[in-house]
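The values are calculated or read from the model by the stated rules, or taken from the named source; none is laboratory data. These numbers come from a predicted model, not from an experiment. Note that we place each Cβ from the backbone using ideal geometry, even for glycine, and neighbour counts take in every protein chain shown. Remember, those area values only see protein heavy atoms, side chains included, never the ligands or the DNA or RNA. Shrake-Rupley method; radii C 1.70, N 1.55, O 1.52, S 1.80 Å.
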Amino acid sequence: MDRNKNIKQLESKEKVWDIVVIGGGASGLGVALDALSRGLSVALFEKADYAKGTSSRSTKLVHGGVRYLAQGDVMLVFEALKERGRMLKNAPHLTHNQPFIIPIYSWFDRIQYSVGLKLYDWMAGRLRLGKSKFISRKETLTRLPQLKEKGLHGGVVYYDGQFDDARLALSIAQTCNEMGGCMVNYAKVDALKKDANGKINGLVVRDVIGNKDYTLQAKMVVNATGVFADKILKMDQPDAVKSIQPSQGIHLVLDQSFLGGNDALMIPKTSDGRVLFAVPWQGKLVLGTTDTLREKAKLEPEALKSEIDFVLETASAYLTRQPTRADVLSVYAGLRPLAAPKEGSTKTKEISRSHKIILSESNLVTLTGGKWTTFRKMGEDTVEYFAKITGQKLSKSLSAEKHLHGYTKGKAYGHLAGYGSDSVKIEALMKSDKKLKEKLHPDYPYTVAEVVWSVRNEMAIKVEDVLSRRIRILFLDAKAAILMAPKVAVIMEQEFGGGEAWIQQELADFQKVAQKYIL
């Protein structure tokens with residue numbers, strides 16, 4: 001992806017884009033992918049970096065949603081299980097099958113969860129990832145060595161998917177770029193343009209890096225800005241009613257030894273009525289999540305003390321080695337863009353995770369709600385509005401079969417596995433120059449070559465883009481990320497230019513963000 005080349009495409013005053021997407025998270029990328037699969041021309045603008053918001057802060061699960069099944073949201077589970085199978089098929093380098101174990105402490109729980117998960121298996125049909133089953137107390141403790149033994153009867157094993165959320169977002173952006181999409185990060189939409197009838201026919205976007213405005217013409221504009229959707233709705237209609245209820249979910253990252261083994265732990269009942277996951281991910285253990293009502297949408301939300309205490313206390317009730325704040329390597333918070341509840345309902349866990357599409361009088365199309373697993377279906381449903389708005393016949397969607405950038409049939413191993421087919425090119429870079437083999441930190445495998453690669457090919461603009469979303473170290477070990485930052489800044493400056501002033505500014509910016517990930 002070449003940002004400068006894509007920016008150049010915006011200079012044409014005559015070009016009329018079929019669809020312009022505002023937002024470079026899971027929702028916006030799903031819209032762009034589907035539209036391009038139908039042969040439409042697409043430009044996508046993200047005010048920060050791809051997946052900077054909620055889309056890089058998930059529990060890293062590609063799942064149908066066992067919890068939603070318990071709540072009776074059967075259609076969402078059916079849809080999500082279908083999409084889960086497609087994600088694992090189209091991006092095998094970034095997704096994999098993950099076994100989960102629910103510990104059983106009563107015979108009633110054994111019946112309840114065994115029956116519920118058999119239904120979950122059946123709903124997945126041929127896209128099922130494995131058969132759920134009850135396992136003995138002994139096998140449960142062998143597979144989860146750090147689980148508390150007292151009162152344990154055994155466990156129920158079931159299967160769901162796991163993925164690298166930020167890198168999947170990047171892979172979708174790269175795929176869209178290859179399909180002819182004009183993908184631009186650090187591009188902020190400042191105004192919507194309307195014709196004499198008050199219908200949207202374009203927008204004004206500002207290149208934040210180059211400090212230049214561009215006016216574009218478009219047949220359809222999609223607002224896919226997640227928790228910030230109301231800002232664009234108010235840009236269109238200043239008196240627009242609130243459509244989004246932000247709900248905060250936090251995760252704590254610990255050393256994997258706190259759970260042991262390769263299986264994930266699912267705690268089905270917690271004091272706030274949610275489930276809690278303890279999931280092995282990239283050599284660490286991710287604990288989460290919470291569901292806390294927040295009034296204001298923030299690009300860099302912070303975990304509340306009450307949320308941190310809740311996750312630690314809930315995990316401690318099940319683990320022999322009880323984690324403390326001192327054991328937390330990183331803490332991250334994300335805001336779910338849930339559709340605002342009806343009057344009288346404030347419990348965010350009761351708000352459906354199904355997506356919703358709003359068509360404004362101006363023809364602005366807004367996509368709200370949804371979840372990562374169903375990103376592609378959300379995009380497909382949104383693009384269907386193109387025919388309603390323009391009257392043009394829409395080609396069939398081909399996004400369900402589209403292999404994503406990096407797709408490889410052979411299973412890759414090691415820390416470059418997430419690059420898929422690009423891993424060979426990164427290895428070639430290291431062979432061409434021994435300096436590029438140098439590690440960024442003695443305790444982690446990431447190399448100078450990966451920084452160079454992300455700048456040249458993955459549209460990484462800031463130090464944070466590299467350390468947070470190209471390699472995931474800020475989420476895995478925030479203190480290590482801070483130690484890596486100076487080296488990363490120097491490497492990036494050698495690629496971009498900008499001098500010492502750029503390096504110092506970048507380090508100050510990164511330090512400010514990274515502190516929020518440390519307890």
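For the stretch 284-297, residues that are open to solvent by 20 Å² or more (accessible area, probe 1.4 Å) and modelled with pLDDT of 95 or more total 1. Filter the stretch 397-417 for residues that are aliphatic (A, V, I, L, M) and part of a helix (DSSP H, G or I); which is nearest to Tyr444 (Cα to Cα)? Result: Ala417.
The C-beta contact set for the stretch 494-519 (first residue over 18 Å from Arg456 (Cα atoms), second residue hydroxyl-bearing (Ser, Thr, Tyr) and at pLDDT 95 or above, distance under 7 angstrom, 6+ apart or interchain) comprises Tyr517/Ser330; Tyr517/Tyr332.
In the stretch 86-132, what count of residues is obtained for those that are at pLDDT 95 or above, farther than 21 Å from Arg143 by Cα and either among the small types (Gly, Ala, Ser) or touching a strand residue (DSSP E or B) at 6+ places or on another chain (Cβ under 7 Å) (or both)? Selection size over the stretch 86-132: 5. Would you check if there is a residue in the stretch 299-306 being polar (S, T, N, Q), open to solvent by 40 Å² or more (accessible area, probe 1.4 Å) and modelled with pLDDT of 90 or more? Yes, the stretch 299-306 contains at least one residue that is polar (S, T, N, Q), open to solvent by 40 Å² or more (accessible area, probe 1.4 Å) and modelled with pLDDT of 90 or more.
The criterion of at least 1 residues that are touching a Phe, Trp or Tyr at 6+ places or on another chain (Cβ under 9 Å) and not acidic (Asp, Glu) is met, among helices (runs of 4 or more DSSP H) falling completely within the stretch 97-188, by 107-124, 165-178. Scanning the stretch 70-84 for residues that are open to solvent by 10 Å² or more (accessible area, probe 1.4 Å) and closer than 30 Å to Lys411 by Cβ turns up Phe78, Glu79, Lys82. Taking first residues from the stretch 25-36 that are open to solvent by 10 Å² or more (accessible area, probe 1.4 Å) and partners that are not in a helix (DSSP H, G or I), the Cβ contacts under 6 Å between residues at least 6 apart in sequence or on separate chains come to Gly25/Ala51; Gly25/Gly53; Ser27/Ala224; Ser27/Leu367; Leu36/Val42; Leu36/Met179; Leu36/Gly181. So, Gly379, is that one closer than 15 Å to Phe163 by Cβ and either part of a helix (DSSP H, G or I) or touching a Leu at 6+ places or on another chain (Cβ under 9 Å) (or both) or not? No; evaluated as a whole, the condition is false for this residue. The residues of the stretch 444-498 that are assigned to a helix (DSSP H, G or I), within 25 Å of Leu44 (Cβ to Cβ) and touching a Ser or Thr at 6+ places or on another chain (Cβ under 6 Å), listed by number, are Val466, Arg469, Arg470, Leu474, Phe475.
Could you list all residues from the stretch 199-227 that are over 21 Å from Thr382 (Cα atoms) and either touching a residue at least 12 places away in the same chain (Cβ under 8 Å) or touching a strand residue (DSSP E or B) at 6+ places or on another chain (Cβ under 9 Å) (or both)? Across the stretch 199-227, the qualifying residues are Val204, Val205, Arg206, Asp207, Val208, Ile209, Gly210, Lys212, Asp213, Tyr214, Thr215. When Thr368 is tested against (1) in contact with a His (Cβ under 8 Å, 6 or more places away or on another chain); (2) at pLDDT 95 or above; (3) in a strand (DSSP E or B), only condition (2) is not met. For the stretch 197-218, does any single residue satisfy the condition of being open to solvent by 10 Å² or more (accessible area, probe 1.4 Å), at pLDDT 95 or above, part of a strand (DSSP E or B) and aromatic (Phe, Trp, Tyr)? Scanning the stretch 197-218, I find at least one residue that is open to solvent by 10 Å² or more (accessible area, probe 1.4 Å), at pLDDT 95 or above, part of a strand (DSSP E or B) and aromatic (Phe, Trp, Tyr), so the answer is yes. Would the stretch 382-391 turn up any residue that is modelled with pLDDT of 95 or more, outside any loop (DSSP other than H, G, I, E, B) and touching a His at 6+ places or on another chain (Cβ under 9 Å)? Yes; the residues of the stretch 382-391 include at least one that is modelled with pLDDT of 95 or more, outside any loop (DSSP other than H, G, I, E, B) and touching a His at 6+ places or on another chain (Cβ under 9 Å).
Please indicate, with yes or no, whether at least one residue in the stretch 418-433 is modelled with pLDDT of 95 or more, under 30 Å from Asp255 (Cα atoms), open to solvent by less than 30 Å² (accessible area, probe 1.4 Å) and part of a loop (DSSP other than H, G, I, E, B). Checked the stretch 418-433: no residue is modelled with pLDDT of 95 or more, under 30 Å from Asp255 (Cα atoms), open to solvent by less than 30 Å² (accessible area, probe 1.4 Å) and part of a loop (DSSP other than H, G, I, E, B).
The residue of the stretch 132-170 that is farthest from the chain's Cα centre (by Cα), among those that are of a type in the set (S, T, N, Q) and crowded, with 20+ Cβ neighbours inside 10 Å, is Thr140.
Being more than 29 Å from Glu401 (Cα to Cα) and buried (at least 17 other Cβ atoms within 10 Å of the Cβ) is the requirement here; does Ile102 meet it? So Ile102 fits the description; yes.
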